[in-house]
Amino acid sequence: MQTKNILLPILTAAALAAGTCAAAQEVVPGLPKTELQVVGGLSNLTAYRNFEKPFWTETVPKLSEGQVTATIKGFNEMGLKGPEIMRLISQGVVPIGTATLAYFASDNAINEAIDLAGVSPDVKTARQVTDAFAPIYAKYYAKQNVKVLGFSTYPAQVLFCNAPIKGLADVQGKKVRTSSRTTAEFVQALGGTSVTLPFGEVVPALQNGVVDCAISGSMSGYSAKWYEVATHLLALPINWNQQIHAANMDYWNKIDPKVQSFLLKNIAAMTDAIWDDAAKATQQGYDCNSGADACTLAEKGHMTLVEPSDADRALLKKVTAEVVVPKWAQRCSAECVKDFNETIGKTLGITASK
């Protein structure tokens, strides 16, 4: 079966660069001919370049013996901002897409549930939290005509500062660039001031003292050369920016069931590979920003890497339980809070209440 070419006005048939999907899967012969249109994540980031793009343009055709093919572009390459993607998927304008769940926090606080600041201090916990809540998202988005295909993540979001810090408590009194409501509430609970800034404006803001610190991915900060304007990096994940991979339900239902099964199996392998890489990339960010010998990249920063203490981890847990989760619960529905407690809450031993 060949699915309808919904995105022809947007997507082009431009040749895409070669890449390799980390997880080798079995070839599935005899699938019906199927053409897919995909809108991926940010095209300049590793998750897209090393995983999404080669998955759709190489792995899928290879494992289907050329029967299933796809075109893909990052949403930024198409002039999209990100927060509109799930609405476009729901409407069928985007057949299959990827986006950061935090983008949709203003639509419904349920979208913050798996990435509340401080909830996941390591990648293992982030994965457990995401897997625990995945069935809730599947039901929620099904009501919006969206089929959830899977979840992945970016590397850890951590604190870069242009002044000496010894730990998390030193956020007090500092102006900190945040990128979500939950991280803003986290910073404010520590006695800091949250500042909203686009990623591209962080370097001059750190240089000019507009902000003292900024939260971003350890590798994102490295790629943007924050190590040239920041001096200290606290190696304590604050959040992760998980991604949702989804399809328009009507579009998905027109795909042959054999192809659906083939895609779900292999998307799971792709997202597993992204999760594994996020852990490695987080450490690479620490190593390269600080100039450690373990950094495998050409340029090395000279930041001071601050290893979190037991006191830092205790403070993180305290602020999350006493401030972040209660504030979030107030803006989420009673059903949402109940679902949180029965999934994430049970996993972490945290109880949210209205």
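The values are calculated or read from the model by the stated rules, or taken from the named source; none is laboratory data. Predicted, not measured: the structure shown is a model, and the values here were computed from it. Methodologically, a virtual Cβ is constructed for each residue, glycine included, from the backbone with ideal geometry; neighbour enumeration extends over all protein chains shown.
Exactly one condition in (1) part of a helix (DSSP H, G or I); (2) aliphatic (A, V, I, L, M); (3) touching a Ser or Thr at 6+ places or on another chain (Cβ under 7 Å) is not met by V176; state its number. With respect to (1) part of a helix (DSSP H, G or I); (2) aliphatic (A, V, I, L, M); (3) touching a Ser or Thr at 6+ places or on another chain (Cβ under 7 Å), V176 is out only on (1).
With respect to G82, is the statement that it is touching a helix residue (DSSP H, G or I) at 6+ places or on another chain (Cβ under 8 Å), surrounded by fewer than 20 Cβ atoms within 10 Å (Cβ to Cβ) and closer than 24 Å to P155 by Cβ true? Don't jump to the end; show me each part of the working.
Values: touching a helix residue (DSSP H, G or I) at 6+ places or on another chain (Cβ under 8 Å): yes; surrounded by fewer than 20 Cβ atoms within 10 Å (Cβ to Cβ): yes; closer than 24 Å to P155 by Cβ: yes.
Yes.
Among the residues making up the range 333-354, those that are in a loop (DSSP other than H, G, I, E, B) and loosely packed, with under 15 Cβ neighbours inside 10 Å are S333, G349, T351, S353, K354.
I'm checking my understanding of the structure. Among residues of the range 30-61 that are of a type in the set (S, T, Y) and in contact with a strand residue (DSSP E or B) (Cβ under 8 Å, 6 or more places away or on another chain), which one is surrounded by the fewest Cβ atoms within 10 Å (Cβ to Cβ)? Lay out the reasoning, then the answer.
Our first condition is that a residue be of a type in the set (S, T, Y); within the range 30-61, this holds for 34, 43, 46, 48, 57, 59.
The next check asks that each one be in contact with a strand residue (DSSP E or B) (Cβ under 8 Å, 6 or more places away or on another chain); those that pass are 34, 43, 48, 57.
Working: T34: 22, S43: 16, Y48: 25, T57: 21.
Here the residue is S43.
Out of G150, G167, G173, I need the residue that is modelled with pLDDT of 95 or more and crowded, with 19+ Cβ neighbours inside 10 Å. Which one?
On the way: G167 fails: crowded, with 19+ Cβ neighbours inside 10 Å; G173 fails: crowded, with 19+ Cβ neighbours inside 10 Å.
None of the other options fit; the residue is G150.
When the range 125-176 is filtered for residues that are of a type in the set (D, E, K, R) and touching a Phe, Trp or Tyr at 6+ places or on another chain (Cβ under 7 Å), the ones remaining, listed by number, are R127, K147. Only a single item in (1) surrounded by 15 or more Cβ atoms within 10 Å (Cβ to Cβ); (2) farther than 28 Å from F160 by Cβ is not met by Q330, and it is number (1). The strands (runs of 3 or more DSSP E) falling completely within the range 179-248 that include 1 or more residues that are surrounded by fewer than 21 Cβ atoms within 10 Å (Cβ to Cβ) and touching a residue at least 40 places away in the same chain (Cβ under 8 Å) map to 232-239. Quick check, is I110 outside the structural domain of Q188 (by TED's automatic domain parsing) and either without any contact (Cβ under 8 Å) to a residue 24 or more places away in the chain or touching a strand residue (DSSP E or B) at 6+ places or on another chain (Cβ under 7 Å) (or both)? No.
V319 - would you say it is within 23 Å of the chain's Cα centre (by Cα) and either in contact (Cβ under 8 Å) with a residue 12 or more places away in the chain or under 21 Å from V39 (Cα atoms) (or both)? Walk me through how you get there before you give the answer.
Working: within 23 Å of the chain's Cα centre (by Cα): yes; either in contact (Cβ under 8 Å) with a residue 12 or more places away in the chain or under 21 Å from V39 (Cα atoms) (or both): yes.
Taking the combined requirement at face value, the residue satisfies it.
Working only within the range 300-325, note down all residues that are in a helix (DSSP H, G or I) and β-branched (V, I, T). Spell out how you get there, then give the answer.
Of all residues in the range 300-325, those in a helix (DSSP H, G or I) come to 310-325.
Listed by number, the residues that qualify are V319, T320, V323, V324, V325.
Restricting attention to the range 118-165 and to residues that are outside any strand (DSSP E or B) and among the polar types (S, T, N, Q), the residue that is nearest to the chain's Cα centre (by Cα) turns out to be T130. Within the range 90-140, the residues that satisfy the criterion of being modelled with pLDDT of 95 or more, closer than 26 Å to F186 by Cβ and of a type in the set (S, T, Y) are T98, S120, T125, T130, Y137, Y140.
In the range 270-299, the qualifying residues are those that are in contact with a Gly (Cβ under 6 Å, 6 or more places away or on another chain) and either assigned by TED's automatic domain parsing to the domain that holds A224 or assigned to a helix (DSSP H, G or I) (or both), and the one that is surrounded by the most Cβ atoms within 10 Å (Cβ to Cβ) is N289.
Just to be sure, is N266 farther than 19 Å from R127 by Cα and either surrounded by 21 or more Cβ atoms within 10 Å (Cβ to Cβ) or at pLDDT 95 or above (or both)?
Working: farther than 19 Å from R127 by Cα: no; either surrounded by 21 or more Cβ atoms within 10 Å (Cβ to Cβ) or at pLDDT 95 or above (or both): yes.
The answer is no for N266.
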